[in-house]
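> After the structure tokens below, expect a handful of questions from me.
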Amino acid sequence: MPKILNNVKAVSEALDVAMDKWKEVVVYGEDAGFEGGVFRATEGLQAKYGEERCFDAPISEALFAGLAIGMSLNGLKPVVELQFEGLGWASLQNILGHMGRMRNRTRGKYPTPVVIRMPMGGGIRALELHSEAMEAIYAHTPGIKVVCPSTPYDTKGLILAAIDSPDPVIVFEPTKLYRAFKQEIPDGFYTVPIGEAFKIQEGNDLTVVTYGAQTVDCQKAIESFEEKNPDKTIELIDLRSLKPWDKKMICDSVKKTGRLLVVHEAIKSFSISSEIIASVNEECFEYLKAPLSRCTGYDIVIPFDSGEGYHQPNPIRIQAKIEDVLNYKF
């Protein structure tokens with residue numbers, strides 16, 4: 001029986017399905033047990049599965065990650081909740097220096113099937129370190145997979161795929177979209193393949209690639225632009241998976257449209273958009289009708305409270321970029 005859920009309830013649903021399917025799945029984090037997490041994504045799991053499988057962890061993100069490595073090496077499937085992405089700085093040594101390297105370090109003998117969930121991005125006017133977008137740091141590291149769903153269907157499917165993966169997966173969950181809308185999703189177990197993007201709409205004149213909260217902003221910008229320019233059509237692709245990423249879908253689209261705009265809220269320099277643009281330039285150069293472009297956050301510390309709205313791409317900024325790319329003449 002299908003269910004109509006928002007994104008945060010899709011997280012809960014995925015964890016419930018996984019804990020029922022795999023007895024080795026354990027869930028923990030700050031307030032993730034009794035309280036159900038700061039966003040209530042783990043609400044009810046401790047009551048259903050007991051304190052040994054869903055529990056509160058001390059305020060030590062470095063400990064979270066180190067504990068997960070030990071658990072995974074001993075046959076468990078830990079799903080760790082970091083309360084906010086910006087609080088994950090302390091965990092980087094264990095995630096990047098050990099968790100992502102363990103399979104190679106042990107020549108394949110000891111994989112680390114760990115999932116680390118992080119609410120990410122702005123849009124809720126939170127304090128400093130609560131609205132970060134650090135996905136490029138994790139995606140840069142060998143041995144780590146990175147996903148960022150934008151819909152309830154993808155949220156549930158990607159979390160279940162992450163838990164089923166033999167390698168560590170970072171799941172970024174846009175806080176702005178937790179309760180933004182609902183979607184009908186299948187009941188029970190299903191997965192969304194890690195590494196496959198999703199084409200939201202077809203188009204012939206411009207390829208827009210995005211992920212996370214900016215999928216909604218891009219849809220609004222494109223709808224507004226196409227209403228005023230009915231002779232133009234824009235192809236919109238939701239990456240969903242940041243590493244590995246669906247290079248083939250993006251390149252095939254750019255070969256058709258000849259133009260590319262990448263949109264994300266993370267800072268511009270050395271970002272996901274940098275990798276996409278470099279790859280497209282290498283593989284699609286002879287097809288291009290305009291310079292490759294992007295609309296991103298600025299190269300600054302993420303402003304908190306009301307200032308974050310000036311940092312994040314919004315439909316107005318995105319539409320202006322769309323117009324710039326389509327109006328370009330060699």
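The values are calculated or read from the model by the stated rules, or taken from the named source; none is laboratory data. Quantities reported herein were computed from a predicted structural model and do not represent experimental measurements. With ideal geometry, Cβ positions are generated from the backbone for all residues, glycine too; neighbour counts draw on all protein chains shown. Just the protein is used for accessible areas: all its heavy atoms, side chains included, with ligands, DNA and RNA removed. Shrake-Rupley method; radii C 1.70, N 1.55, O 1.52, S 1.80 Å.
> Which condition number in (1) surrounded by fewer than 22 Cβ atoms within 10 Å (Cβ to Cβ); (2) farther than 23 Å from Thr296 by Cβ; (3) in the same structural domain as Phe84 (by the TED database) is the one that Glu128 fails?
It is condition (2) that Glu128 fails.
> Note down all Cβ pairs under 6 Å where the first residue falls in region 247-259 and is under 22 Å from Lys321 (Cα atoms) and among the basic types (Lys, Arg), the second is assigned to a helix (DSSP H, G or I) and open to solvent by 70 Å² or more (accessible area, probe 1.4 Å), and they're at least six residues apart or on different chains.
Lys255/Tyr287
> Any chance region 177-187 includes a residue that's touching a Gly at 6+ places or on another chain (Cβ under 7 Å), surrounded by fewer than 19 Cβ atoms within 10 Å (Cβ to Cβ), under 17 Å from Ser12 (Cα atoms) and aromatic (Phe, Trp, Tyr)?
The answer is no, given that none of the residues of region 177-187 is touching a Gly at 6+ places or on another chain (Cβ under 7 Å), surrounded by fewer than 19 Cβ atoms within 10 Å (Cβ to Cβ), under 17 Å from Ser12 (Cα atoms) and aromatic (Phe, Trp, Tyr).
> Tell me yes or no: at least one residue of region 195-210 is of a type in the set (Phe, Trp, Tyr), open to solvent by less than 10 Å² (accessible area, probe 1.4 Å) and within 24 Å of Lys9 (Cα to Cα).
Looking through region 195-210, none of the residues is of a type in the set (Phe, Trp, Tyr), open to solvent by less than 10 Å² (accessible area, probe 1.4 Å) and within 24 Å of Lys9 (Cα to Cα).
> Can you find, within region 31-44, the residue that is surrounded by the most Cβ atoms within 10 Å (Cβ to Cβ) among those that are under 23 Å from the mean Cα position of the chain (by Cα) and not β-branched (Val, Ile, Thr)?
That would be Ala32.
> Right, something else. Criterion first (within 24 Å of Lys182 (Cα to Cα) and either free of Cβ contacts under 8 Å to residues at least 60 places away in the same chain or not assigned by the TED database to the domain that holds Gly212 (or both)) does Val17 satisfy it? Break it down into steps so the answer makes sense when it comes.
Numbers: within 24 Å of Lys182 (Cα to Cα): yes; either free of Cβ contacts under 8 Å to residues at least 60 places away in the same chain or not assigned by the TED database to the domain that holds Gly212 (or both): yes.
It is true that Val17 is within 24 Å of Lys182 (Cα to Cα) and either free of Cβ contacts under 8 Å to residues at least 60 places away in the same chain or not assigned by the TED database to the domain that holds Gly212 (or both).
> Spot the failing condition for Asp231; the list is (1) in a strand (DSSP E or B); (2) outside the structural domain of Ser91 (by the TED database); (3) of a type outside the set (Gly, Ala, Ser), and only one is missed.
With respect to (1) in a strand (DSSP E or B); (2) outside the structural domain of Ser91 (by the TED database); (3) of a type outside the set (Gly, Ala, Ser), Asp231 is out only on (1).
> Right, another one. Quick check: is even one residue across region 161-172 among the acidic types (Asp, Glu) and either crowded, with 24+ Cβ neighbours inside 10 Å or in contact with a helix residue (DSSP H, G or I) (Cβ under 7 Å, 6 or more places away or on another chain) (or both)? Before you say what the answer is, go through the steps one by one.
Kept after step one, since they are among the acidic types (Asp, Glu), are these residues of region 161-172: 164, 167.
Now drop any that are not either crowded, with 24+ Cβ neighbours inside 10 Å or in contact with a helix residue (DSSP H, G or I) (Cβ under 7 Å, 6 or more places away or on another chain) (or both), which leaves 167.
So far as region 161-172 goes, yes, one or more of its residues are among the acidic types (Asp, Glu) and either crowded, with 24+ Cβ neighbours inside 10 Å or in contact with a helix residue (DSSP H, G or I) (Cβ under 7 Å, 6 or more places away or on another chain) (or both).
> Being without any contact (Cβ under 8 Å) to a residue 60 or more places away in the chain and farther than 17 Å from Ile170 by Cα is the filter here, so list the residues in region 20-29 that pass it.
Asp20, Lys23, Glu24
> Looking only at region 122-147, how many residues end up being closer than 13 Å to Phe84 by Cβ and outside any loop (DSSP other than H, G, I, E, B)?
Count: 0.
> For region 250-267, check the following and say yes or no: at least one residue is surrounded by 15 or more Cβ atoms within 10 Å (Cβ to Cβ), within 21 Å of the chain's Cα centre (by Cα) and of a type in the set (S, T, N, Q).
Taking every residue of region 250-267 in turn, none turns out to be surrounded by 15 or more Cβ atoms within 10 Å (Cβ to Cβ), within 21 Å of the chain's Cα centre (by Cα) and of a type in the set (S, T, N, Q).
> Then there's this: So how many residues does region 230-241 have that are open to solvent by 10 Å² or more (accessible area, probe 1.4 Å) and either in contact (Cβ under 8 Å) with a residue 24 or more places away in the chain or among the aromatic types (Phe, Trp, Tyr) (or both)?
Of the residues in region 230-241, 3 are open to solvent by 10 Å² or more (accessible area, probe 1.4 Å) and either in contact (Cβ under 8 Å) with a residue 24 or more places away in the chain or among the aromatic types (Phe, Trp, Tyr) (or both).
Listed here are the residues, each with its yes/no results for (1) within 22 Å of the chain's Cα centre (by Cα); (2) open to solvent by 40 Å² or more (accessible area, probe 1.4 Å); (3) modelled with pLDDT of 95 or more.
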{"residue": "Asn6", "(1), (2), (3)": "yes, no, yes"}
{"residue": "Ala14", "(1), (2), (3)": "yes, no, yes"}
{"residue": "Val17", "(1), (2), (3)": "yes, no, yes"}
{"residue": "Gly29", "(1), (2), (3)": "yes, no, no"}
{"residue": "Gly50", "(1), (2), (3)": "no, no, yes"}
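> Could you give me the residue pairs with C-beta distances under 6 Å whose first residue belongs to region 147-161 and is on the phi < 0 side of the Ramachandran plot, whose second residue is of a type in the set (Asp, Glu) wherever it lies, and which are 6+ apart or on separate chains?
Partner pairs satisfying both residue conditions: Ser150/Asp238; Lys156/Glu13.
> Any idea how many residues of region 289-330 are part of a loop (DSSP other than H, G, I, E, B) and either closer than 30 Å to His130 by Cα or open to solvent by 20 Å² or more (accessible area, probe 1.4 Å) (or both)? Working first, answer last.
Let us first name the residues in region 289-330 that are part of a loop (DSSP other than H, G, I, E, B), namely 289-292, 298-304, 312-314, 327-330.
Right, trim to either closer than 30 Å to His130 by Cα or open to solvent by 20 Å² or more (accessible area, probe 1.4 Å) (or both) and you get 289, 291-292, 298-304, 312-314, 327-330.
Count: 17.
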